[in-house]
Amino acid sequence: MNSISLSQETYTQRLWRHFHADKFALNGLRIVILLFIVAALAPFLANSHALIRVADGHVSFPIFLSLEPIEWRFLLYVPLAGLVYFFRHRFIAHPGIFILAVIGFIAAVEIFLALTHPINDPTNDRDRPASFKLLPPIPYSPIESTPDQFSPPTWKHLCGTDSTGRDIAARMLHGARTSLSIGFVAQSIALTIGIALGGLAGYYRSWLDIGICRFIEVMDCFPPLLFILVAISLFESQNNMFYIMAVIGLTSWTGVARLVRGEFLRLSSLPFTLAAKAIGANDFRIIVRHLLPNALGPILVAGTFGVASAILIESSLSFLGFGMQAPTPSWGDILSDARRYIDFAWWLAFFPGLAILITIMSYNFVGEGLRDAVDPRLKMK
Amino acid sequence: MTMPLLQVENLGIHFGPTVDPVKAVDGISFSMQAGETLAVVGESGSGKSVTALALTRLLASPPARYVSGSIAFEGRDVLQLREGELRSLRGKQIAYIFQEPGSSLNPVFTIGYQIREAIELHRPEVRDVTAEIVHALDTVGIRNPASRLGDYPHQLSGGMQQRVMIAMALACQPKLLVADEPTTALDVTIQKQIMDLLKDLKRTSNMSILLITHNFGLVAGFADRVVVMFRGKIVETGPTAQVLQNPQHPYTKALIECVPKLGQKQHRLKVIDYAGIQ
């Protein structure tokens, strides 16, 4: 309709086109998505409870008895988030009804979990007799000790077993949830702090900028792993998953803060910031609705690399014995076990090491692909 | 005589050190009546843009220092207002259009979204915001406005972008429109279109316009009165025709003469001889 305009594609479409052309990035993204699906479905892929069990003409689903409350939440809230996203346009049209529905759903799930928490049934029903049984692909729970100790990879134990006979494949699948969620949540915490502090420093400048920059420099003086180890040893009694997420997040925001500060310094001196001010927008609106969307590309790139490094930090922590508490499986924890038996049990080191390598590499490919896609100097194509 | 819409008294704005500061605006006074069009003319660095931004205290302080005087808009001194009161003044009472339309629009949002923001900020009573946006775009001469709402700034030409800026300013129905060199970044034909548009708006609404420019060519036939600024001071003021035909101050004469005229053979373009002006 208009001969003057050069292209009608939006920023997101252009970003996706460049990202799509990068095969490494695209495959990296596919692997990351696959990992998330595997992690989400871990209890259904590796479990000592049968998926479906028929005994005495009675059909039951023992697998649901084995789910922890957090797994229930995961199973119910992820589809909820998907539904909200799918109906987002109607959500905007009738926010009241939708918010009520979402809150109602969450309340129902929480009440259900509070009432049925003792439902968790640790008994192993894999070997119980039944007329029909559908077992998960890996019929072992990650914390279950089988009689086969140090079994090398066989058809029975695809990735072998460790010193107490636990199935490595099952531990890896469940460990993926730990590693991925720690990477994701820790980096979200880091991004939140980094964007908030970097944004304030870059927008208000003057003494606030000086203060925040000096704080960042002080934080950067500590070697990150040492810093985290000290923080964890101070609160050793509480080293559950959320605590480790928080510690990693609280110590790795400085890079994001520097980046956001730089972007905000640049953006806030552009005329559109003055124009937004001239139309009567307040500082909060200018920061959140005008500057932040413009800085989103570089932040996304940094965030992607950050997830990879958070996963690596978690693995290092578990390897050093400062990570998850004993029964919770994580990749670093399996590696840490491998240390003592590496002379004969190669599979203990090989499979978790490979998993970490593939995950970190995929995230880095995604990050590099994004970086190239948002870089305006490469938009010649 | 009724109270003027805008009354600037002895305004002084300094930058830099307190000892021997840069006096960007050095004790200027002028006033505007409602519906009047005033042009502030001067070169780069004469203090005209600083004056324009100071009207709603858009100049951050520091680095700028408002050292003296008052800016009374409808009787209220802008320099004494609190931040919240300033925000309801900006856009709603005094709206701006700037020199570079391309970079004054946020590149990541559609033009419809940006005009919507202006309306939602200042006219919460409007029920059909989309119709209001379409109306604003129609007023500034954008053809087929309804289909343009989803366009991003980079998809528009410079002239179109400036029209969108004007539509955004008009959407808030301000009493005073400050046009800070609105045509400097545009080529001559677009310049004329934009000036014609502003003339139309002036005729159809009771809005006052403060035009900031270095180009006397734009002033003739547009402004009711002219204020000439030189080195932070007002050197001459008067009705447009009188200033153009019979300039009193040597700087005004020099400024008028240095506008090149088409069809006139000149060996050299006249430049301002600063030594002759004191």
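Read-outs throughout are calculated quantities, based only on the coordinates presented, and are distinct from any laboratory measurement. The structure displayed is predicted, hence computed values, not measured ones. Because the Cβ atoms are built from the backbone with ideal geometry, glycine has one as well, and the counts that use them run over all protein chains shown.
Observations on the structure shown:
- Under the convention that each Lys and Arg Cβ holds +1 and each Asp and Glu Cβ holds -1, the size of the dipole of chain B around its Cα centre is about 360 debye.
- Beta bridges by DSSP in the protein assembly as shown, antiparallel share as percent, to the nearest 5: 60 percent
- In terms of surrounding Cβ atoms within a 10 Å radius of their Cβ, A:Ser131, A:Ser318, B:Ser68, A:Ser362 rank from fewest to most as A:Ser131, B:Ser68, A:Ser362, A:Ser318.
- Acute angle (nearest 10 degrees) that the helix B:158-171 long axis makes with the longest principal axis of chain B, alpha-carbon atoms: 80 degrees
- Counting all C-alpha pairs of the range A:168-374, share separated by more than 28 Å (%): 37 percent
- The alpha carbon gyration tensor of the protein assembly as shown gives principal lengths a ≥ b ≥ c with a/c of 1.5 or higher and a/b greater than b/c, which makes the shape prolate.
- Mean separation of Cα contacts under 8 Å, 6 or more apart, over the residue count of chain A: relative contact order %: 22 percent
- About the centre of its Cα atoms, chain A shows a dipole size close to 1400 debye [charges on the beta carbon of Lys, Arg (+1) and Asp, Glu (-1) only; nearest 20 debye].
- Histogram of C-alpha separations across the range B:97-213, 10 Å bin width, %: 14, 49, 34, 3
- Of all DSSP bridge pairs formed entirely within chain B, close to 55 percent run antiparallel.
- Anisotropy class of the range A:149-259 from Cα gyration tensor, a/c 1.5 cut: prolate
- When peptides A:176-187, A:262-273 are sorted by average Cβ neighbour count within 10 Å, with the highest value leading, the order is A:176-187, A:262-273.
- Between the C-alpha center of the range A:298-330 and that of the range B:70-96 there is a gap of 52 Å.
- Whole-Å distance, taken between Cα centres, linking the range A:225-290 and the range A:34-81: 36 Å
- Selection among B:Val41, B:Gly12, B:Leu177 by position relative to the dipole of chain B gives B:Val41 as farthest towards the positive end (Cβ unit charges, Cα centre).
- Residue order for A:Cys221, A:Cys159, A:Cys213, B:Cys172, fewest other beta carbons within 10 angstrom first, comes to A:Cys221, A:Cys213, B:Cys172, A:Cys159.
- A straight line joining the Cα centroids of the range A:139-203 and the range B:161-179 runs 56 Å.
- Reachable aspartates and glutamates from A:Lys23, criterion Cα separation under 14 angstrom, eight or more residues apart if same chain: A:Glu368, A:Asp372
- Cα gyration tensor shape for chain B, rounded if a/c is under 1.5, else prolate or oblate: oblate
- Links that overshoot a 24 Å alpha carbon limit, given the list B:Lys48/B:Lys253; B:Lys48/B:Lys192; B:Lys92/B:Lys192; B:Lys175/B:Lys199: B:Lys92/B:Lys192
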